[in-house]
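Every number here is computed from the coordinates shown, using simple stated rules; none is lab data. The model shown is predicted, which means the values in this text are computed figures rather than measured ones. Note that we place each Cβ from the backbone using ideal geometry, even for glycine, and neighbour counts take in every protein chain shown.
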Amino acid sequence: MLGDKFNLSWETISKLIFALLGVIPALVLLTNFLNSRSPQITVRNELAFPIRVYSGDSYQGIVSRYSKRTFRFYSDNAFPMAIRWESVRQKDSSGKAIGSFVTGTIALVDNHQEITITHTTGEIDYFMPVLTNESKASCKIYINDGLPSEQYAGFLLAGKHRVNVGYYKWYVNSNVTLYCNNDPHWWGDRHGNKGPSLKVNSPSGETDLTLRP
């Protein structure tokens, strides 16, 4: 009699386990469904750097480069809302941020909308040179040489490959200029002189530039 009760108990436990195994997937599906119905927006970041996302003045979080992230809110009364974003700039060996501060605002973002951040999403267009130096000379890097937006972007050592120097303002007459032993080499429009074109890739804004001997 005791053995029958013991067997029956294990049988009951087994049924409970199988029942729970069936309930868990249903709970997961229910949770996913409720999450999908909650007030939210999705931000897709196509830039080569992470971005910080704000709704109004409220910080929401970081979206990694070439990825997307969904942000959830307590009420759909907040919509439509303005979404502001700003780049997380990389730093040089001295700890100084490189490139321009890239930012922008998208107004009237609706509930469940997905927005995409590219190098042309903000008020100003940007581009990001990625430099390779196949020569034997080290060079100073200038972005938009001779323009009001001119910026010194550091030093490109001989033999270096795919050096990312940050984002900069992009105009129809933008240029990237390398001074190697005081001899200028450039891409784009420098002082009215056309060099090899700045082929800016969308949506990231990257442009691969190689200095050859």
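Panel order for LEU211, LEU157, by other beta carbons found within 10 Å of each beta carbon, from fewest to most: LEU157, LEU211.
On full extension, the segment bounded by THR42 and SER58 gains 4.2 nm, given 0.36 nm per residue less the C-alpha separation.
When the pairs LYS68/LYS96; LYS91/LYS136; LYS169/LYS194; LYS136/LYS169; LYS91/LYS194 are compared against a 24 Å limit on Cα-Cα distance, LYS68/LYS96; LYS91/LYS136; LYS136/LYS169; LYS91/LYS194 fall above it. To the nearest µm²/s, what D does Stokes-Einstein give for region 126-211 at 37 °C and 0.692 mPa s, using the Kirkwood radius over alpha carbon pairs as Rh? Rounded to a whole number, D works out at 260 µm²/s. Rounded to the nearest 20 debye, the dipole magnitude of region 138-213 is 140 debye, with +1 charges on Lys and Arg beta carbons, -1 on Asp and Glu beta carbons, and the Cα centre as origin. In straight-distance terms, cross-link reach from LYS160 covers every one of the aspartates and glutamates whose alpha-carbon lies under 18 Å from its own, apart from those fewer than eight places away in the same chain; here that gives ASP92, GLU134, GLU206, ASP208.
Of interest is the spacing of the C-alpha centroids, which for region 37-80 and region 145-213 amounts to 32 Å. Summing charges over all other residues whose Cβ lies under 12 Å from the Cβ of HIS161, with Lys and Arg as +1 and Asp and Glu as -1, gives 0.
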